[in-house]
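K.L.:
So that we are looking at the same thing, I have put the structure below in structure tokens.
The values are calculated or read from the model by the stated rules, or taken from the named source; none is laboratory data. The shown structure was predicted, so the numbers you read here are calculated from the model rather than taken from an experiment. Neighbour counts are summed over all protein chains in view; Cβ atoms, including those assigned to glycine, are modelled from backbone coordinates with ideal geometry.
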Amino acid sequence: MRLLVLAVLSAALMVVDARFDVLKPVRSQLGVIVEPVYWLGSLPVTLWENTTQELSSRTELVAENEKLKTERLLMQRRLQKLAALTEQNVRLRELLNSAALVDDDVLATELIGIDPNPFTHRILIDKGSKDGVVIGQPVLDARGLMGQVVEVMPYSARVLLLTDTNHSIPVQVNRNGLRAIASGTGNPERLELRHVADTADIKEGDLLVSSGLGQRFPAGYPVATVSQVIHDSGQPFAIVRAIPTANLNRSRYMLLVFTDPRSPEQRATESAEAQEAEDRQATEPGARTAPPAGEQAPAAAPASSSPAPAPPVPAQPEGTQQ
């Protein structure tokens, strides 16, 4: 009976609510009371959806972050490679410009190794005896002399740098021609000039070039720039330090210079012999082919401008004369 009464009451309330506006305030009040129940009922579903969305969003963000990091590394690698290629292009252009200024034959080479011994300054290049490299051959970069070849292998060679303690090179001051010996100190940024008189005309900023003495290095190549001159009244020689013009510890591409291996005396002797041979060749054929004095007149007759017919002589044809 109670169920029937409640069912009839519910049906009556629905009819009244549908046809009349009497129950609207009551329904509003009941909505306020029932809303927390709805919220509690939907809370598990809302929490599950939010958690799932947060997890999926975080996973996507992590994946996207990793992807962006990878792309950034790839772009940095490309940028570094482009920067390296740009620097390499600049160095090659400098090397080509220096090769154009060198009168001797040159061969471009690349650094492939460095001697790990800290007390020696030696490098390994990728040209050897198969390329015509010989012991004592000068090596220079875009700025100046670097050293000389001390060991040759079929496909590589070892170069002793100017700053090695066992290396010395005869130089002269480009400003006044003062000669000296520049020796290595073991420091890649410094050379020392030995036995320079305390009264010698040398000062900071002077350019030192190879003098050509010793017949090992050609004359006129930049070697170093004077950085310090110390005068001591109690010493007979001044202390002169210089900075190499070449980038000894940075250059990757270099030039091998092929100079004339003959000594100045040999070159002078051979030049004199060649000149004498040319003089003999120029003198002997003229003595054999010079015609007698009496035969010169008939030869000159065809060149005459006279209208009379020329006598028959062994000269050029008439058409050739006209």
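K.L.:
Ala100 - would you say it is part of a helix (DSSP H, G or I), exposed (fewer than 10 other Cβ atoms within 10 Å of the Cβ) and modelled with pLDDT under 80? Full working, then the answer.
P.N.:
On the way: part of a helix (DSSP H, G or I): yes; exposed (fewer than 10 other Cβ atoms within 10 Å of the Cβ): yes; modelled with pLDDT under 80: yes.
Here the answer is yes, as Ala100 does meet what is asked.
K.L.:
Considering Ser156, Ser129, which residue is touching a Pro at 6+ places or on another chain (Cβ under 6 Å), assigned by the TED database to the domain that holds Arg250 and more than 20 Å from Ala219 (Cα to Cα)?
P.N.:
Working: Ser156 fails: touching a Pro at 6+ places or on another chain (Cβ under 6 Å).
Among Ser156, Ser129, only Ser129 is touching a Pro at 6+ places or on another chain (Cβ under 6 Å), assigned by the TED database to the domain that holds Arg250 and more than 20 Å from Ala219 (Cα to Cα).
K.L.:
I want to confirm something. Restricting to region 141-171 and keeping residues that are small (Gly, Ala, Ser) and in a loop (DSSP other than H, G, I, E, B), which single residue is farthest from the chain's Cα centre (by Cα)? Outline the logic, then answer.
P.N.:
Looking only at region 141-171, we keep the residues that are small (Gly, Ala, Ser), and these are 142, 144, 147, 156-157, 168.
From what is left, the residues that are in a loop (DSSP other than H, G, I, E, B) are 142, 144, 156.
On the way: Ala142: 9, Gly144: 14, Ser156: 20 Å.
Of everything passing the filter in region 141-171, Ser156 is farthest from the chain's Cα centre (by Cα).
K.L.:
Take the conditions within 21 Å of Val150 (Cα to Cα) and either β-branched (Val, Ile, Thr) or buried (at least 18 other Cβ atoms within 10 Å of the Cβ) (or both) and apply them to Ile202. Does it pass?
P.N.:
On the way: within 21 Å of Val150 (Cα to Cα): no; either β-branched (Val, Ile, Thr) or buried (at least 18 other Cβ atoms within 10 Å of the Cβ) (or both): yes.
Spelling it out, it is not the case that Ile202 is within 21 Å of Val150 (Cα to Cα) and either β-branched (Val, Ile, Thr) or buried (at least 18 other Cβ atoms within 10 Å of the Cβ) (or both).
K.L.:
Another one. Out of the residues in region 252-266 that are part of a loop (DSSP other than H, G, I, E, B) and at pLDDT below 85, which is surrounded by the most Cβ atoms within 10 Å (Cβ to Cβ)? So that I can check it myself, show each step before the final result.
P.N.:
Step one: filter region 252-266 for residues part of a loop (DSSP other than H, G, I, E, B), giving 252, 259-263.
Checking the rest, the ones that are also at pLDDT below 85 come to 259-263.
Values: Thr259: 16, Asp260: 12, Pro261: 10, Arg262: 12, Ser263: 10.
This residue is Thr259.
K.L.:
A follow-up question, please. Across region 150-163, which residue is farthest from Leu107 (Cα to Cα) among those that are surrounded by 21 or more Cβ atoms within 10 Å (Cβ to Cβ) and not hydroxyl-bearing (Ser, Thr, Tyr)?
P.N.:
Residues of region 150-163 surrounded by 21 or more Cβ atoms within 10 Å (Cβ to Cβ): 157, 159-163.
After this cut, where a residue has to be not hydroxyl-bearing (Ser, Thr, Tyr) as well, the list is 157, 159-162.
On the way: Ala157: 13, Val159: 15, Leu160: 18, Leu161: 18, Leu162: 20 Å.
By that ranking, first place goes to Leu162.
K.L.:
In contact (Cβ under 8 Å) with a residue 40 or more places away in the chain, aliphatic (A, V, I, L, M), over 30 Å from Ile125 (Cα atoms) and not in a loop (DSSP other than H, G, I, E, B): does that describe Val223?
P.N.:
Working: in contact (Cβ under 8 Å) with a residue 40 or more places away in the chain: yes; aliphatic (A, V, I, L, M): yes; over 30 Å from Ile125 (Cα atoms): no; not in a loop (DSSP other than H, G, I, E, B): yes.
So Val223 fails the test.
K.L.:
Sort through Ala246, Ala277, Ala238 and tell me the only one that's part of a helix (DSSP H, G or I) and either crowded, with 17+ Cβ neighbours inside 10 Å or outside the structural domain of Met146 (by the TED database) (or both).
P.N.:
Working: Ala246 fails: part of a helix (DSSP H, G or I); Ala238 fails: part of a helix (DSSP H, G or I).
Checking each option against the conditions leaves just Ala277.
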